[in-house]
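Participant: Below is the structure I would like to discuss, written out as structure tokens.
The values are calculated or read from the model by the stated rules, or taken from the named source; none is laboratory data. All of these numbers come straight from a predicted model, not from anything done at the bench. Glycine also receives a Cβ, built like all others from the backbone with ideal geometry; neighbour counts cover every protein chain displayed.
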């Protein structure tokens, strides 16, 4: 199996789907001539031409609306946001139109659009460029929220998202674009709404998604050295949330730590904890803890930035607390 | 005004119809049908107001009374496969597009037989089979959608047009500018119809916009524009014909500023006059009631007489009464409908 980057896996997914279905097109800032701000769309303009790889002005609200309008009459747009920070300008179109057209039309209108781009922080990009908004979108009925952590999942989930009849918020990781992994060639679909056990273990469940999957895996390695066997559950999809996989794992380990990049208040982890305590309260041997980004705007200074992020030491500390090894 | 002058980019047409305006290319039936449509909208809206007061219609209810010539004149110039979006003041457009009074009234009543199965309400009348794609509740939010529909038309190399209706208050909104810029940049077959009824809720145009002539905003995008007298259905129709031709044949978008007037309050919960406008101003505008203007013209041209008008009116009143009875008697959506249409697969993804 070919080992490729997360970036190229996304490119492969878009290219394959555009070859298969003439109604699929890509639009966004710098996706064409410039070959993509993060080079996800490299080579696509050459293959598909400017009508299907559309460079837009810097006008997120406007081009998100163009994508939704085109989807309402049968096209399948992939709307690229250079980052999800900029997509705040477009959130009216995602929340008020894309998520609601089917419902408020009594089922007459579908919006099969994918909104995609990198979310969360990279390195020293400061407060306005370092935000994780998945819990905002996951709050909205009518949207699906997908966040792949590996190149294979990036390809399989993006292909599924493009074929989905509902609007999908597809949040990538800027720090993941260069990561490599084995990716099946050709037709490879990962179902939306299914979590994945990235590491099997018996003592504690680490529930994570996107960039925090590697944080959890690193923590698990170090914990193994201390004789603690952690299971790592990658949610992959935030909405719909795969209760079954999460609950099966925690029922086995009886302890859980939820790790996410975003802020703690009403975050993804809050929802996961709600499901666990509601469904399998009696299985728990300790309260579920959460490791999140610090509850502050992201600082520029690299030491402060590092201190704000979820990292393996914080995860290890939380694991030791749920195992009553440390107070 | 000559067709040539009209085609000149950035050249506004003269508002009003001071010069004789021949209707020779329109048959008498068409001219009478426009009067009937305007009367239908008027009587429908009066009945909706009454039903609102009786508590049979909930939420917000924005009436179209006074602006009927805009919907009827513009839609008469469109084709059945064109795409339409409108704001939340869209009952008139839906009816003029061919939605039945029953389906529209039942939707206002929130009934399962409504066009959106009772899930949309007054602000979200939708019938995809008519190309009537909403009924949108956020000021300006639907303008980029129309640009997207026009994009899809060009993408599929079709000759439809996409048409968007919004009020003059929406032109101060970023979505308006972003949408028009892309439509002009990409040469899309879109027509943006600004129904300038003078007030965004209670804020007069000159208190919200730095320029009075809204059509001038098209200059920023090198887009065709016209200023149109919205109380004369024929003038509206003719301006729309030109805009449709530009869009369909040349893929040139147009901004039509159609000057009209809202005879009622912003919504049913708002006063007709008060702090923001005087009773005298409203009365003055009522003298150019679009139904009156068109009735007088048809009578002068011998197309219809007073008896004929009364007969048309009686006919639409009966249609509206039927719609009211239908909506009142219709069933609410089944309780299970709460959980359908959220996702393609139903209530959960």
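Participant: For the range B:114-149, give me the residue count where each residue is farther than 15 Å from residue A:105 by Cβ and either touching a residue at least 40 places away in the same chain (Cβ under 8 Å) or touching a strand residue (DSSP E or B) at 6+ places or on another chain (Cβ under 7 Å) (or both).
Facilitator: Residues that pass the stated criteria total 5.
Participant: Also, quick follow-up: Inside the range B:215-233, can you point out the residues that are surrounded by 22 or more Cβ atoms within 10 Å (Cβ to Cβ) and assigned to a helix (DSSP H, G or I)?
Facilitator: Passing the criteria: B:215, B:218, B:233.
Participant: Say we look at the range A:182-221 and pick out the residues that are at positive phi and either part of a strand (DSSP E or B) or within 15 Å of the chain's Cα centre (by Cα) (or both); which of these is surrounded by the most Cβ atoms within 10 Å (Cβ to Cβ)? Break it down into steps so the answer makes sense when it comes.
Facilitator: Our first condition is that a residue be at positive phi; within the range A:182-221, this holds for A:186, A:193, A:210.
Those left that are additionally either part of a strand (DSSP E or B) or within 15 Å of the chain's Cα centre (by Cα) (or both): A:193, A:210.
Values: A:193: 19, A:210: 30.
The qualifying residue surrounded by the most Cβ atoms within 10 Å (Cβ to Cβ) is A:210.
Participant: Pick from A:126, A:152, A:161: which is in contact (Cβ under 8 Å) with a residue 60 or more places away in the chain and crowded, with 18+ Cβ neighbours inside 10 Å?
Facilitator: Details: A:126 fails: crowded, with 18+ Cβ neighbours inside 10 Å; A:161 fails: in contact (Cβ under 8 Å) with a residue 60 or more places away in the chain.
That would be A:152, the only listed residue that is in contact (Cβ under 8 Å) with a residue 60 or more places away in the chain and crowded, with 18+ Cβ neighbours inside 10 Å.
Participant: Follow-up question, since we're still on this one. What tally of residues in the range A:47-79 results from selecting those that are without any contact (Cβ under 8 Å) to a residue 40 or more places away in the chain and part of a loop (DSSP other than H, G, I, E, B)?
Facilitator: So the answer is 9.
The rows are residues; the columns are (1) in contact with a strand residue (DSSP E or B) (Cβ under 6 Å, 6 or more places away or on another chain); (2) away from every other protein chain (no Cβ under 14 Å); (3) outside any loop (DSSP other than H, G, I, E, B); (4) in contact (Cβ under 8 Å) with a residue 40 or more places away in the chain.
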{"site": "B:276", "(1), (2), (3), (4)": "no, yes, no, yes"}
{"site": "B:284", "(1), (2), (3), (4)": "no, yes, yes, no"}
{"site": "B:295", "(1), (2), (3), (4)": "no, yes, yes, yes"}
{"site": "B:302", "(1), (2), (3), (4)": "no, yes, no, no"}
{"site": "B:310", "(1), (2), (3), (4)": "no, yes, yes, no"}
{"site": "B:320", "(1), (2), (3), (4)": "no, yes, yes, yes"}
{"site": "B:323", "(1), (2), (3), (4)": "no, yes, yes, yes"}
{"site": "B:333", "(1), (2), (3), (4)": "no, no, no, yes"}
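Participant: What residue, of A:6, A:38, is out of contact with any strand residue (DSSP E or B) (no Cβ under 6 Å at 6 or more places or on another chain), crowded, with 24+ Cβ neighbours inside 10 Å, assigned by TED's automatic domain parsing to the domain that holds residue A:134 and in contact (Cβ under 8 Å) with a residue 40 or more places away in the chain?
Facilitator: On the way: A:38 fails: crowded, with 24+ Cβ neighbours inside 10 Å.
Only one candidate passes the filter, namely A:6.
Participant: Could you go through the range A:97-119 and let me know if any residue there is in contact with a helix residue (DSSP H, G or I) (Cβ under 9 Å, 6 or more places away or on another chain) and surrounded by fewer than 18 Cβ atoms within 10 Å (Cβ to Cβ). Can you show your working first?
Facilitator: So the first thing to find is which residues in the range A:97-119 are in contact with a helix residue (DSSP H, G or I) (Cβ under 9 Å, 6 or more places away or on another chain), and the list is A:97-99, A:101, A:105-106, A:108-119.
Filter again for surrounded by fewer than 18 Cβ atoms within 10 Å (Cβ to Cβ), leaving none.
Taking every residue of the range A:97-119 in turn, none turns out to be in contact with a helix residue (DSSP H, G or I) (Cβ under 9 Å, 6 or more places away or on another chain) and surrounded by fewer than 18 Cβ atoms within 10 Å (Cβ to Cβ).
Participant: Next question, about the same structure. Go over the candidates A:296, A:257, A:288, A:233 one by one and state the one that is touching a helix residue (DSSP H, G or I) at 6+ places or on another chain (Cβ under 8 Å) and without any contact (Cβ under 8 Å) to a residue 24 or more places away in the chain.
Facilitator: Working: A:257 fails: without any contact (Cβ under 8 Å) to a residue 24 or more places away in the chain; A:288 fails: without any contact (Cβ under 8 Å) to a residue 24 or more places away in the chain; A:233 fails: without any contact (Cβ under 8 Å) to a residue 24 or more places away in the chain.
Result of the check over A:296, A:257, A:288, A:233: A:296.
Participant: Output the number of the condition that residue B:329 fails; it satisfies all remaining conditions of (1) closer than 23 Å to residue B:106 by Cβ; (2) within 14 Å of another protein chain (Cβ to nearest Cβ).
Facilitator: Looking at each condition in turn, residue B:329 falls short on (2).
Participant: Could you look through the range A:129-149, keep only residues that are part of a strand (DSSP E or B) and within 14 Å of chain B (Cβ to nearest Cβ), and pick out the one that is surrounded by the most Cβ atoms within 10 Å (Cβ to Cβ)?
Facilitator: Of the residues in the range A:129-149, the ones part of a strand (DSSP E or B) are A:131, A:144-146.
Next, from what is left, pick out any that are within 14 Å of chain B (Cβ to nearest Cβ): A:144-146.
Values: A:144: 25, A:145: 27, A:146: 29.
By that ranking, first place goes to A:146.
Participant: For the range B:253-304, what are the residues that are on the phi > 0 side of the Ramachandran plot and either at pLDDT 95 or above or crowded, with 19+ Cβ neighbours inside 10 Å (or both)? Please lay out each step first, then the result.
Facilitator: Of the residues in the range B:253-304, the ones on the phi > 0 side of the Ramachandran plot are B:274, B:302.
If the condition is that a residue be on the phi > 0 side of the Ramachandran plot and either at pLDDT 95 or above or crowded, with 19+ Cβ neighbours inside 10 Å (or both), then B:302 is the only one that fits.
Participant: So, one more: So which residues in the range A:41-59 are under 21 Å from residue B:181 (Cβ atoms) and buried (at least 23 other Cβ atoms within 10 Å of the Cβ)?
Facilitator: A:53, A:54, A:56
Participant: Which of the residues spanning the range A:80-93 are touching a helix residue (DSSP H, G or I) at 6+ places or on another chain (Cβ under 7 Å) and either away from every other protein chain (no Cβ under 11 Å) or not in a helix (DSSP H, G or I) (or both)?
Facilitator: Residues of the range A:80-93 touching a helix residue (DSSP H, G or I) at 6+ places or on another chain (Cβ under 7 Å): A:81, A:83, A:85-87, A:89-90, A:92-93.
Passing the criteria: A:81, A:83, A:85, A:86, A:87.
Participant: Quick check, is residue B:140 in contact with a helix residue (DSSP H, G or I) (Cβ under 6 Å, 6 or more places away or on another chain) and at positive phi?
Facilitator: Details: in contact with a helix residue (DSSP H, G or I) (Cβ under 6 Å, 6 or more places away or on another chain): yes; at positive phi: yes.
The answer is yes for residue B:140.
Participant: Can you name every residue in the range A:159-181 that is closer than 30 Å to residue A:108 by Cα and assigned to a loop (DSSP other than H, G, I, E, B)? Give the derivation first.
Facilitator: Step one: of the range A:159-181, the residues closer than 30 Å to residue A:108 by Cα are A:159-171.
Hits for the range A:159-181 are A:164, A:165, A:166, A:167.
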